[in-house]
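Read through the structure below, which is laid out as structure tokens, and then see the notes.
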Amino acid sequence: MKKKFLIPLILSSFCLLGCHNGLDEISEVPQASDETNKISNITDDYELSGFNNEIKTTEVKNPGMGFYNTKYIELKRDSEIPENHDFMYRGFYHLRIDLSDFSNVTNGIDDYDISDDALELLNYYFTQAKVNQCSLIIRFAYDKFHGNANMEPQLDMIKNHIKRLAEVINDYKDLIIAVECGLIGPWGEMHTSLLDKQDVYNELLNSWLKEVETLPILARKPVFIYKYLGYSIENLEEYNNDNNRLGIYNDGYYGTDLDTGTYETLEAREKETKFINKLNTVFGGECIGEPTDYFSYDEVIKEMNLVNLTYLNYEWDDSIIVSWKNKTYNNQSFYTYMVNHMGFKLYVDSFDYSVKNNRLFVDIKIANMGFSPVTRNLKAQLYFDDGKSVAKITKSLSDTNNNINLETIIDSNLSTKIYLKITDDMQRCYELMNGCYIDDVNYLGEIKLKENK
């Protein structure tokens, strides 16, 4: 079940309300409610102005969610730090990392463990990405991402590679959104290989979970995960989320009605998407077909919400992206709707305030209209600026209740502007789906004495 979360935050009760639906409410597609953005004032002397309470229908791009672009790097036994590079700038990237030089199939000599030089290069690229406030999904493969089969080294060496790579990955957990299991098959898509076997995937998933700390580990098909966990399609409904960090990258999304082999039957699709919902972690991939060739858009959106859709490839299939940009859905292009719903998308649902004896009390409720629950650590910083001084209060956002009642003194002769800044562990900033967003800060308006008072 997806958790509903109520997080009272800053000033009186500034709280985050989970509008992201659970299984028994999945018929409700996540939307801002009809009563969204209620603004109420307990006193008659003051008013709030300048708050744009309309849900945005322009693209809102937040870190580590939505459409990604791809970047390719090669690790070799004798890797060197480049003198000049054209790499990643502030954005969301799928980092495709080739390990073919460490496989006997490519080098023609032997299987080699990951060299120190290769780890230094990987560390260099991660550092550059962090400096530039990027967000990464990462995948490793042995075929230069050319689509060639059976390029892998021996299984024991692959497990050694995971252990070595984790030495660097664990230093950048705030940068990386998820690790795709990869490694096996063309493009690391876990098919078309002599190693395409459940017992192999059991060992790889176990290695990733053992060596990599806290990050989600994603496999290509749900069957790989539930068999690893000891379930079958017959008893899959018995599974309850045990916070195992496992999830799915679906690189066959809507290529057919079974997502190009992701599911075996439509009945399996129904059962396995419910299973994915219970994993309650990151879900992404590549959309390689037009969803409405098989399902209605409402059915598609309903399932995207069910599986916590967080990211898709912007570059493949580009014809699908063009199609979505030319289709209208919910008073905007379907592409914009997708951008504004993949991952978690927060908005101010109501804004209550009162002033008594020059003391300002504020009650702000924030809700989530995205496909996914909040999946990372966030901090909310609420600022008050009356032109003379700035007051700032900071509180962590989490899925647990945290009641805090606070107030601030204001000068009745001055207006008090209110700003909200939301950041994650890497200080990446998040835009609300309403309000104004200026220089990485959400402007929530100003409270001032009415002119006739």
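The values are calculated or read from the model by the stated rules, or taken from the named source; none is laboratory data. For clarity, every value in this text was computed on a predicted model and none was experimentally measured. Because the Cβ atoms are built from the backbone with ideal geometry, glycine has one as well, and the counts that use them run over all protein chains shown.
Numerical summary
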| quantity | calculated |
| --- | --- |
| Exclusive hit being crowded, with 21+ Cβ neighbours inside 10 Å and either outside the structural domain of residue 279 (by TED's automatic domain parsing) or under 19 Å from residue 50 (Cα atoms) (or both), set 351, 361 | 351 |
| Given (1) assigned to a helix (DSSP H, G or I); (2) surrounded by fewer than 16 Cβ atoms within 10 Å (Cβ to Cβ), index of the condition residue 243 fails | (1) |
| Where residue 133 falls short, out of the listed (1) in a loop (DSSP other than H, G, I, E, B); (2) more than 21 Å from the chain's Cα centre (by Cα); (3) closer than 28 Å to residue 80 by Cβ | (2) |
| Qualifying positions in segment 315-369 - hydrophobic (A, V, I, L, M, F, W, C), part of a strand (DSSP E or B) and either more than 30 Å from residue 95 (Cβ to Cβ) or touching a helix residue (DSSP H, G or I) at 6+ places or on another chain (Cβ under 9 Å) (or both) | 348, 351, 355, 360, 361, 362, 364, 366, 367 |
| Among the residues listed as 204, 218, the single one being within 20 Å of residue 261 (Cβ to Cβ), among the hydrophobic types (A, V, I, L, M, F, W, C), under 21 Å from the mean Cα position of the chain (by Cα) and outside any loop (DSSP other than H, G, I, E, B) | 218 |
| Criterion violated by residue 270 - all others in (1) assigned to a helix (DSSP H, G or I); (2) modelled with pLDDT under 95; (3) closer than 30 Å to residue 209 by Cα; (4) of a type in the set (D, E, K, R) satisfied | (2) |
| Of all residues making up segment 131-151, the number that are buried (at least 17 other Cβ atoms within 10 Å of the Cβ) and out of contact with any strand residue (DSSP E or B) (no Cβ under 9 Å at 6 or more places or on another chain) | 1 |
| Set 204, 209: member being more than 20 Å from residue 151 (Cα to Cα) and either modelled with pLDDT under 95 or among the aliphatic types (A, V, I, L, M) (or both) | 209 |
| Considering residues of segment 296-319 that are of a type in the set (A, V, I, L, M, F, W, C) and at pLDDT 95 or above only, the residue farthest from residue 277 (Cα to Cα) | 312 |
| Filter result for the condition that a residue is among the β-branched types (Val, Ile, Thr) and in contact (Cβ under 8 Å) with a residue 40 or more places away in the chain, over 260, 265, 256, 192 | 192 |
| Yes/no for residue 169 being more than 22 Å from the chain's Cα centre (by Cα), among the aliphatic types (A, V, I, L, M) and crowded, with 16+ Cβ neighbours inside 10 Å | no |
| Residues that are of a type in the set (Ser, Thr, Tyr) and touching a strand residue (DSSP E or B) at 6+ places or on another chain (Cβ under 8 Å), drawn from segment 329-360 | 337, 347, 350, 353, 354 |
| Failed item, numbered, when residue 56 is tested on (1) closer than 16 Å to residue 365 by Cα; (2) modelled with pLDDT of 90 or more; (3) charged (D, E, K, R) | (1) |
| Test: residue in segment 336-348 that is in contact with a Gly (Cβ under 8 Å, 6 or more places away or on another chain), over 30 Å from residue 292 (Cβ atoms) and touching a residue at least 60 places away in the same chain (Cβ under 8 Å) | yes |
| Test: residue in segment 276-283 that is among the hydroxyl-bearing types (Ser, Thr, Tyr) and in contact with a strand residue (DSSP E or B) (Cβ under 9 Å, 6 or more places away or on another chain) | yes |
